[in-house]
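Colleague: Just passing along the structure, written as structure tokens.
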Amino acid sequence: MQRVPIDLHFFIPARQASFLQVVGITMSIIRKNPMKAIPVLQKRLSRTRSIFQERGRDESFDEKLEKLSKELENMSELFLKVKRNEDELLDTLTEVYGHLGRLDKKRLDEEMDDICNKIRHSAQILLPMEEHQIQQSSHSSSTHYNVPQFSAQILLPMEEHQIQQSSHSSSTHYNVPRFSLPPLSVNQVRERQKLFKLLIYLLIYPENAIIKRRHLIYLWAAGSPGRELEEDEKLFDELLKFNAIVPCGNGKCPIVNKFKIHPQFHRYFIISVEPGGSYTHLFFGDKVYLLTKKKVVLRDQPFPTGERIIINIATNYLNIQPQWLNKRKYLEILQLGRWQDLPSHHIEVDNEKFLEELGNQKELKYLSLRGISRIFELPSFALIESLRILDLKACHNLETLPNNISSMKRLKCLILSHCYLLDAMPKGIEKLAELEVLKGFVISNSRKTPCKISDLSNLKRLRRLSIHIKGDVVIKDMEFESLGRFPKLEHLKISWGVFDKRQSDIPITTLPLRLRKLHLECFFGQKIPEWLKPSMLPSEFKELKITGGKLQSMNLNGDMHKWAIEILHLKYLQDLEINKQILHELFPLLRYVEMKKVSKHPDYEWSSVEKKGKSKSVS
């Protein structure tokens, strides 16, 4: 790109024409020795501030000059590493020098924001990376990922600008806020270090990909041995706050469960990628291997590899040959299953023999086989004591789990949802003391289920639990009594397999004290059970979702309390008689409600946030 010289006559009044000579000399000095640019400007700024202070004290204007001083300080460190676009930067700095030298307070005051923006823009296109942060020794046995320490300038606090969905567009089009580069102090940089390390995982995925919140949080959890999932969820909200990700496909609901990467996020890093290169190689080197073709054959290699992360981006058919896993001794993340939110994204493997080689993985922390068919059973996991995340969701052919599951003592998340042939929970799950998420826990008859709900009360860290009740089970009176003994449980889902009048209610006496969200799927009761009435709910309970089933009425039948629920989903309830007016009377504190396929009523979605003309993301 050809550099356009600055016309200083445009900026400098005629009476100061002699100042052109000074500017010309300064430009010559800076061009010959660019390293003097910042010190020269700082000296000029100091003199300018002194002159204005002698003319009269103006604290407001002096603060703006101080702001400019900080911009120059931030630039000074970057300037040491500048490798390209140098001419554009120097033109900007020379222009700033001209502004300072003219002593035109009014014009300088008016154009201060523009000056600072130009300096920030220069920082954006020149932001470097240190080679020692990109490379990691191939002989290192460290369990930490090779993640460069980014400057905090890659994120922009949203302030008053919130992400809003256009009311006239489809669910995938948004008014997206600008992604730019504010200056941050050294302390702020340090505070954001965790976030920057996690942020680059997003560069692995296609630019327009729709990603689920939980998927990203589970990936993060794999690399954070001393951190609870709750902390990762807060970091996710930080990404929303800083515009790095954009809510997508959530409708009007204030809770963000799906998102897209900010449109400018990938493009921001393109200046650091060599022609023909990729973000993945830039940030991870040879430590990451992405499966991007529709059909992939993974063959044995004659020597071990140093890959730590393998992620299936777009592969539907996997042929994993013997010894392929054995040659990858340092794997930490193995995502062979799908990450996409579409159940139709089908994945097949030629056979399940490759799973036998998992026992040799000493550092594996994340294993996802989600949505893979033709996996009927899992081998012994006795040797994978390092595993923290095990995602088996929608493995439709899976029939049994290993009996020694208790050996995975570090496991945080066990996801078994939609494994419809799985009808027994092995004894030992109750010994997984680190478990925070357990999804798809199956209740069948006592002969088939050695591990019961009552056994799980030992899991003191459990925050999310989903239970699936098989059609052939008879719920005993004391079966669900232990639910009240989960000290940290916040999210609970209960689903039923087939219709059985004996399951029209379940004997719950007390819900967990910290429960915030309850989801009932295919509930066969015709009226609201006693344990779900307002007077029985915990004080923190805010969200109710009822999907499918035989519910006919939401009347409280004598309970004088009102529901304090803020978020309500009612879906696929053909027998439920309710209208919008009654709904808002029963739930006076609603912030969001969704009704879909409820009786003969038209679909209805309402948000108090939309009504007030604001948008807010809720964790």
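The values are calculated or read from the model by the stated rules, or taken from the named source; none is laboratory data. Keep in mind it's a predicted model, so treat the numbers as computed, not measured. Please note: Cβ atoms are built from the backbone with ideal geometry, for glycine as well, and neighbour counts cover all protein chains shown.
Colleague: What single numbered condition from (1) modelled with pLDDT of 85 or more; (2) hydrophobic (A, V, I, L, M, F, W, C); (3) in contact with an Asp or Glu (Cβ under 9 Å, 6 or more places away or on another chain) fails to hold for Phe486?
Modeller: In the conditions (1) modelled with pLDDT of 85 or more; (2) hydrophobic (A, V, I, L, M, F, W, C); (3) in contact with an Asp or Glu (Cβ under 9 Å, 6 or more places away or on another chain), Phe486 misses (3) alone.
Colleague: Restricting attention to region 527-539, does a residue exist that is crowded, with 17+ Cβ neighbours inside 10 Å and either touching a Cys at 6+ places or on another chain (Cβ under 6 Å) or assigned to a strand (DSSP E or B) (or both)?
Modeller: No, every residue in region 527-539 fails to be crowded, with 17+ Cβ neighbours inside 10 Å and either touching a Cys at 6+ places or on another chain (Cβ under 6 Å) or assigned to a strand (DSSP E or B) (or both).
Colleague: Taking Gly471 and the conditions (1) crowded, with 16+ Cβ neighbours inside 10 Å; (2) modelled with pLDDT under 90; (3) touching a strand residue (DSSP E or B) at 6+ places or on another chain (Cβ under 8 Å); (4) not β-branched (Val, Ile, Thr), which numbered condition does it fall short on, given that it satisfies the others?
Modeller: (1)
Colleague: Only one of (1) over 19 Å from Leu583 (Cβ atoms); (2) aromatic (Phe, Trp, Tyr); (3) in the same structural domain as Tyr592 (by TED's automatic domain parsing) fails for Trp496. Which number is that?
Modeller: (3)
Colleague: Among (1) touching a His at 6+ places or on another chain (Cβ under 9 Å); (2) modelled with pLDDT under 85; (3) buried (at least 20 other Cβ atoms within 10 Å of the Cβ), where does Leu465 come up short?
Modeller: The failed condition is (2).
Conditions tested, residue by residue: (1) of a type in the set (Ser, Thr, Tyr); (2) at pLDDT below 60.
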| position | (1), (2) |
| --- | --- |
| Arg49 | no, no |
| Asp62 | no, no |
| Leu89 | no, no |
| Glu110 | no, no |
| Asn117 | no, no |
| Gln133 | no, yes |
| Ser138 | yes, yes |
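Colleague: So, one more: For region 382-408: of the residues being among the charged types (D, E, K, R) and either at pLDDT 90 or above or in the same structural domain as Leu229 (by TED's automatic domain parsing) (or both), which is nearest to Ile333 (Cα to Cα)?
Modeller: Among them, the one singled out is Arg388.
Colleague: Looking for whichever is modelled with pLDDT of 90 or more and closer than 24 Å to Leu390 by Cα here; the options are Ile333, Ile255. Which one fits?
Modeller: Result: Ile333 is the single residue among Ile333, Ile255 that is modelled with pLDDT of 90 or more and closer than 24 Å to Leu390 by Cα.
Colleague: Also, I was wondering about something else. With Tyr592, Tyr572, Tyr604 as the choices, which residue is hydroxyl-bearing (Ser, Thr, Tyr) and either closer than 26 Å to Glu481 by Cα or in contact (Cβ under 8 Å) with a residue 40 or more places away in the chain (or both)?
Modeller: Matching residue, one of Tyr592, Tyr572, Tyr604: Tyr592.
Colleague: Now for a different question. When you scan region 346-366, do you find a residue that is of a type in the set (S, T, N, Q), touching a Leu at 6+ places or on another chain (Cβ under 8 Å), at pLDDT 95 or above and not in a loop (DSSP other than H, G, I, E, B), even just one?
Modeller: Among the residues of region 346-366, not one is of a type in the set (S, T, N, Q), touching a Leu at 6+ places or on another chain (Cβ under 8 Å), at pLDDT 95 or above and not in a loop (DSSP other than H, G, I, E, B), which makes the answer no.
Colleague: How about region 271-323: which of its residues are among the aromatic types (Phe, Trp, Tyr) and at pLDDT below 90?
Modeller: If the condition is that a residue be among the aromatic types (Phe, Trp, Tyr) and at pLDDT below 90, then Tyr279, Phe283, Phe284, Tyr289, Phe303 are the ones that fit.
Colleague: In this structure, does Asn351 turn out to be in contact (Cβ under 8 Å) with a residue 12 or more places away in the chain, surrounded by 19 or more Cβ atoms within 10 Å (Cβ to Cβ) and either of a type in the set (S, T, N, Q) or in contact with a His (Cβ under 9 Å, 6 or more places away or on another chain) (or both)?
Modeller: Judged against the criteria, Asn351 is not a match.
Colleague: Right, another one. If we only count strands (runs of 3 or more DSSP E) wholly inside region 405-520, which ones have 1 or more residues that are more than 26 Å from the chain's Cα centre (by Cα) and under 24 Å from Ile546 (Cα atoms)?
Modeller: Answer list for region 405-520: 437-443, 464-469, 491-496.
Colleague: Of the conditions (1) outside any loop (DSSP other than H, G, I, E, B); (2) surrounded by 14 or more Cβ atoms within 10 Å (Cβ to Cβ), Lys327 clears all except one; give me its number.
Modeller: Result: Lys327 fails condition (1) only.
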